[in-house]
Structure formats: C-alpha cells, structure tokens
Amino acid sequence: MTAQKPNAQKTATLINNDDSASETAASRHGAATTARQWQVLSQLQRNRWVGTSHIYEQLTLAGFDISLRTVQRDLNALAKRFPIEKNNANPQGWRWCDDAPLQSLPHMNLSQAVAFNMVEANLTQLLPPVILDELFPWFDLARRQLKNSKVTHSWIDRVRIEPATQPLIAPHIDLDSKDHIYHALFYQLQIKACYTRSDKADASEYTLNPIAIIQRGVIIYLLATRTDDADAIIRTFALHRFASVEILESIAQTPNDFHLDTYLDAGGMGFTHPLLSQMPDHGKNTAIELHFTKTAGKSLTESKLSHDQTVTIHADDTLTIHATVNLTSQLVWWLRGFSNGLLDAKPKLLYQAVLNHSLE
C-alpha cells in the first residue's frame, strides 16, 4: 500500500496557525512581564533601599503569581535598562540611583493607591480644578489598583475618617463660581463677584483680591480683601454665598505681611465672641483655667489644648487644665458640649459666655 503524501497547503496552514498561536502566547507573556516589571520599578525609592522580599510581598498582594526568584531576575534585567542600583547587604536591597531622572510609571503600589483614594474621598473639595484635572487619572488608577488587589476589602472597608463634631450637610455651591475662584486664586488674579452676606437679603458686587481657601467643617471660605477697602482688611467669604464670579486680568494684591499659618494661629477663623471681644486683644493668646470632673476632662490628658498645657488631678475626682488659647466662639461652643462636666472656667468672662446663651 502506497503511503499518502501530506497535503502541502494543509501543512503550511497548520504551521502558520501554530506560528500565530505562538506569537499570541508570546505577546501575552510579554505584556504580563511588562506589567510585572512596571510594578517592580514602582516599589523602588530614591533615598531608601528596598529589599527584594518586600517587593515580592507587594507584588503578591497586587495579584501577581510569581516567585522571589522571578523578582530577583526582573531586578537584574531592569538594572541594564534603568538607573537602579543594588547594595551588598544580606538580604539585598535596591533603589533608584541618586541622579536618576524619575518619571511617573503607569502603576502604583498599594500604599500609594490607598493614599490617592483617601485624598479623593476627603480633599477634592479643597483642590483647585487645574490640579484635580491632573489627579483624576491617578484617582482612577488607584481605584483599579485597589479593585484588583487581594487586600482591598481588608483595608478600604476598614478605614474611615469620621468628623469629631456633629456631621452636617454641606450647602450648595455654584460650581462655576467655585471653579473661577480656585482658578483666580491659583493664578493670583482678581475677581468680580456677586455675593450675598449672611445679614443681607440682597446680593452686592465686590472686586476681590483672593488670598487663601480654608475649609472649616463643611463650609469652604475664601479669604480676600476688597479693592474698595483702603485698609485692606482680610475678610471671609463663604463660597456658597457667591452667585457669580468673573475672573479679571488684573493681578491680585496680597498684604505683604500675610502668612496663612500666622493668621490661623491668631484665631482668624475662630470668630470673636461678643462678650470675649472685651478682653485685651480680643482674647488672643489668653491663659485659661478649666475645672472638670475627672471623667469629662480625661480626653484632654491625651489631646492637648495647647503645647504649654498642664493637668492637675485632684483627690476629689476632678482635674484642672491650664493652657494658653484664643478665646473664640468656637471655644465657647466646644466647652458647652461638656455640660455639667465643666465645673468652672477662668477668666470669668469665658465661663459667663459658656453659661449665657442669650449673649449670641
């Protein structure tokens, strides 16, 4: 019986199919290797050695099914193409070279992803749109990184930031006005604004020099001076009271001696209490004495009112706090929260403000 010769065309087709399958498999393997090696590079730092075991653990948490030996081979291969270096320690460590021109990699480690996730959840109200536009791709990358991670539920579902006071619903803010204010502040430009004061029914038009943005609770404030004010008094404008904002081409003028931290430390956002305004310098940097029941004042033994705070615990289950603070409405409201747990306070005007609600 004569052997049948194989069909040349069929054989060629099978070979081509095998080649195609091999190319596809090689492509997938190459993509997987690239993704893994990007993750390896994202773990490295410039000024700190990172051990191969730590990199291996992070890649495992990120869902890569690899061995420690694979990580070591990756690092040695990457060192031929990227400015990274190893030390002679045991276990061995790797880092970026001091003169390495670091660029953003399209991957981030879990710690970075968690950080971006928390920034998105808690700080987007304060960031100007020009910065948010740049951060949104990173927020998206962080969400995808956490979604694909094996530890997503064990971390994100167990971390929260809770307010220390009664939660309130933030008032509605005109988004165009907010964007224009942030833009003007970012580029130090003046604005023309239609603004309704809390004690007025009708809006007024102001030309303002934006200075800073401060969030106090759920309310966002703009610190600014009015161009029609010769004294250039720094005023607070609640963002939700702006009806419209126009960005001007003129440069905003900031007081030469203004420093935001100094302004806040001096109680600039604390709001002066009517009674306490009678105090010297409106009650700024005033020594106070607070007498609490031991139960009510216990938290202040761990969280201080000021750096110079002292605590004296008495035999009758009470304690006395001495501290230097700014006497503000915020302090008065906070002390009222202790109710009968606050037994006395000095100066006497402070205790009178706490007890007398009719003064507001």
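The values are calculated or read from the model by the stated rules, or taken from the named source; none is laboratory data. Keep in mind it's a predicted model, so treat the numbers as computed, not measured. Glycine gets a Cβ as well: all are built from the backbone with ideal geometry, and neighbour counts include every protein chain shown.
Odds and ends about this structure:
- Annotation: of all residues in segment 142-161 being at pLDDT 75 or above and either among the hydrophobic types (A, V, I, L, M, F, W, C) or outside any helix (DSSP H, G or I) (or both), the one that is nearest to the chain's Cα centre (by Cα) is Ala142.
- Checklist (1) touching a strand residue (DSSP E or B) at 6+ places or on another chain (Cβ under 9 Å); (2) of a type outside the set (Phe, Trp, Tyr); (3) crowded, with 16+ Cβ neighbours inside 10 Å; (4) modelled with pLDDT under 75 applied to Ile84, failing item: (4)
- Residue in segment 15-63 that is farthest from Cys97 (Cα to Cα), counting only those that are hydrophobic (A, V, I, L, M, F, W, C) and modelled with pLDDT under 55: Ile15
- Qualifying residues in segment 208-249 (those that are charged (D, E, K, R) and assigned to a strand (DSSP E or B)) - the one surrounded by the most Cβ atoms within 10 Å (Cβ to Cβ): Arg226
- Summed over segment 275-289, residues that are over 15 Å from His307 (Cα atoms) and not in a loop (DSSP other than H, G, I, E, B) total 7.
- The set of residues in segment 54-71 being of a type outside the set (Ser, Thr, Tyr), surrounded by fewer than 17 Cβ atoms within 10 Å (Cβ to Cβ) and part of a helix (DSSP H, G or I) consists of His54, Glu57, Leu61, Leu68, Arg69.
- The set of residues from segment 281-337 being surrounded by fewer than 13 Cβ atoms within 10 Å (Cβ to Cβ) and at positive phi comprises Asp281, Asp317.
- Some residue of segment 271-283 being modelled with pLDDT under 90, within 30 Å of Tyr187 (Cα to Cα) and within 28 Å of the chain's Cα centre (by Cα): yes
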